[in-house]
1. Taking A:ARG70 as meeting all but one of (1) in contact with a strand residue (DSSP E or B) (Cβ under 9 Å, 6 or more places away or on another chain); (2) basic (Lys, Arg); (3) open to solvent by less than 80 Å² (accessible area, probe 1.4 Å), write down the number of the exception.
2. B:LEU7 passes all but one of (1) in contact with a Leu (Cβ under 8 Å, 6 or more places away or on another chain); (2) of a type in the set (A, V, I, L, M, F, W, C); (3) in a helix (DSSP H, G or I); (4) near DNA strand C (Cβ under 10 Å from one of its atoms); which number fails?
3. Tally time: how many residues in region B:134-186 are touching a helix residue (DSSP H, G or I) at 6+ places or on another chain (Cβ under 8 Å) and among the small types (Gly, Ala, Ser)?
4. Being open to solvent by 30 Å² or more (accessible area, probe 1.4 Å), in contact (Cβ under 8 Å) with a residue 60 or more places away in the chain and in a helix (DSSP H, G or I) is the requirement here; does B:GLU150 meet it?
5. Which one of the conditions (1) touching a Lys or Arg at 6+ places or on another chain (Cβ under 8 Å); (2) more than 16 Å from DNA strand D (Cβ to nearest atom) does B:THR17 fail to meet, given that it meets all the rest?
6. I need the full set of residues from region B:10-31 which are part of a helix (DSSP H, G or I), in contact (Cβ under 8 Å) with a residue 40 or more places away in the chain and open to solvent by 30 Å² or more (accessible area, probe 1.4 Å), in order please.
7. May I ask you to say which residue of B:GLN122, B:GLN158, B:GLN145 is touching a Pro at 6+ places or on another chain (Cβ under 9 Å) and either surrounded by fewer than 15 Cβ atoms within 10 Å (Cβ to Cβ) or of a type in the set (S, T, N, Q) (or both)?
8. Tally the residues that are assigned to a helix (DSSP H, G or I) and within 18 Å of B:HIS123 (Cβ to Cβ), restricting the search to region A:79-106.
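The values are calculated or read from the model by the stated rules, or taken from the named source; none is laboratory data. Since the structure is predicted, the reported quantities are computational estimates derived from the model, not experimental observations. A quick note on method: Cβ atoms are made from the backbone with ideal geometry, for glycine too, and the neighbour counts reach across all protein chains shown. In case anyone asks, the SASA skips ligands and DNA or RNA and just uses the protein heavy atoms, side chains included. Shrake-Rupley method; radii C 1.70, N 1.55, O 1.52, S 1.80 Å.
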There are 2 protein chains.
Amino acid sequence: MALKYALLGLLTKNEATGYELNQQFKETMIHFWSAHHTQIYRQLVKMEEEGLVSSQVVHQVDYPDKKVYRLEDKGYEMLLQWLFSKEILPSTLKDDLLLRVSLFQLIPADEAIAFLERAKEQHMFGLGLMEKWRDSHFPEGEFNQEDLGEYLTSEFGQRYMQHWIEWCDWAIQVIKRTKEKGSDVK
Amino acid sequence: MALKYALLGLLTKNEATGYELNQQFKETMIHFWSAHHTQIYRQLVKMEEEGLVSSQVVHQVDYPDKKVYRLEDKGYEMLLQWLFSKEILPSTLKDDLLLRVSLFQLIPADEAIAFLERAKEQHMFGLGLMEKWRDSHFPEGEFNQEDLGEYLTSEFGQRYMQHWIEWCDWAIQVIKRTKEKGSDVK
DNA sequence: TATTTATATGTGTATTTTCACATATGTTCA
DNA sequence: TGAACATATGTGAAAATACACATATAAATA
């Protein structure tokens, strides 16, 4: 359901091909969304059938032909209606890494720490990418009104990464402390 | 896939019915996971077929009969194998609220602020629940070794809520500032 | 010369997740 | 008495998502 609105949202900025929309998912929407490219292509076909978007095949000499999608009025209206809807559903996390963390009592402390170190590195890498992206898109923290949403969500993504990293440090310390005690307790 | 391990993980603590496992999802795993009760029941049936868990129907006088699931050796082994696997996939967010935030340039500033205020309230409510839960489970921040995972992930959940709330405050300020400038800029 | 990478769009299938609905029993509250 | 709620487990169907594979062109790299 929401993927539809995500695509309509991206198309408010520019017309785009399924390929480009997939790129944008991987780049700018990485802060809060993800989608497989096959899902995007299929969703676009469906949306065209519903009259929310229209497409035009553009012939290219050097590359395969591409299909450019454009937002139609009906799609824009539907998007706005969704944006103005009053219901705010609480968002739920679904995180593989944390699921494993929740079972740390089943593995040795050293394994747990190594896992957290790697998770931390991964999120530091992610943070680096986000900072880079933000610096190039919003130098000096400046942004245009039409990029407000992106500015806000990219800050969220960056802070989320920082939160992850800080929590990793905290969790590693907790495990190290319990490990010290462990000799006489457990 | 991961739901299987989530259930196996919960069953390492105690044998439980599908109903109870659903409760636990809603209570303790709210920090990082969610699942519909129908999905849990179906997954349990599948896991029993695979010999990962076994079940026993317990007759009750006052309530409908219940089906208690117990972790089998094969299930425990599979869980450990998963826990020790080296691959760490980066976790991706998927958040309805943020998708709407990403399109804030399409709605009036007042609407955007109202939305963020409500989102903030909601996360403050969530934070309250988590703090309460933590106080009752880990008074004075003390925890038993067998609850290590829960202790770590609940801290994550709590910090995540705080991160959300702080970000809401920040975003509201950003929009208020652009609103002031808005009169002469856009 | 062969492999990889980038451009570009898909199909078929399987899995995962959700939604609407169904069925029981007993308690509490209006 | 009737409604709502908690206990307890599911089915059928739809929707969302992911996985493996397919196709085609051209550039860059090993």
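1. A:ARG70 satisfies every listed condition except (3).
2. (4)
3. The total comes to 5.
4. Considered against the rule, which asks whether it is open to solvent by 30 Å² or more (accessible area, probe 1.4 Å), in contact (Cβ under 8 Å) with a residue 60 or more places away in the chain and in a helix (DSSP H, G or I), B:GLU150 comes out as yes.
5. So the condition that B:THR17 fails would be (2).
6. Those that are part of a helix (DSSP H, G or I), in contact (Cβ under 8 Å) with a residue 40 or more places away in the chain and open to solvent by 30 Å² or more (accessible area, probe 1.4 Å): B:THR12, B:LYS13, B:TYR19, B:GLU27, B:ILE30.
7. Residue meeting the stated conditions: B:GLN122.
8. Within region A:79-106, residues that are assigned to a helix (DSSP H, G or I) and within 18 Å of B:HIS123 (Cβ to Cβ) number 1.
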